[in-house]
Amino acid sequence: MKSIELLSTGIRLLGIYVFIYAFRSGIYQYQAVMQFRSTSQDDMVTFTYVALIQVGLIFIASFLMFKFPVSLAKWLLPKTKENEVALDGTAKDIEISIFAIIGVYILSWAIPDLFYNGIWWWYSTHNEISGMWGQGGGNEYIINQIVTVLEIAIGLYLCLRAQGLSNLLRRLREAGAR
């Protein structure tokens, strides 16, 4: 499979994901508009238009990714002076790159979660406020923090040991062929 075909397949899959995200975002925006409209006496026209524009732009992006993935792949891939695609990586190189990218993605949302859960854990343990949660109310934040630390460990492993994981998967795939 050529690199353009591989990238265009990924772009099309991302387009499907973005379409689902746009649909969910549209539902959430609709609920927010209806909720604020019923509780607020202010004019919600600006908020409604901003919500519609946001969802519309996401739908347009998903349509472009789904309808024109090869054009986007050609535009995104590096090119030589002769306008030829410069990426001729092997499947193993692409697999290692994908694992590293997934690791970075996991770390990008797990590290902020670590701080978020830590702040809520600290907040729930103070005497003045702990009555709101009752006895042992901070335990859920401890559990969330443990899960976040595990996510960070997985993300770091994918980033730093992507080649080892790729080799392990290759051995598992070839084990039945012998």
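Just so you know, all these numbers are worked out from the coordinates, no wet-lab data involved. None of these values were measured; they are calculated from a predicted model. Cβ atoms come from the backbone with ideal geometry, glycine included; neighbour counts cover every protein chain shown.
General remarks:
- Per-residue Karplus couplings for segment 57-71, computed as 6.51 cos²θ - 1.76 cosθ + 1.60 with θ equal to phi - 60°, are listed in order as 5, 5, 5, 5, 4, 5, 5, 5, 5, 7, 7, 10, x, 5, 4 Hz, Gly and Pro entered as x.
- Model label points for Y28 and M44, set 7 angstrom from Cα along the Cα-to-Cβ axis, are 1.7 nm apart.
- Karplus (6.51, -1.76, 1.60) ³J(HN,Hα), θ = phi - 60°, over segment 18-23, in Hz, Gly and Pro reported as x: 5, 4, 4, 4, 5, 4
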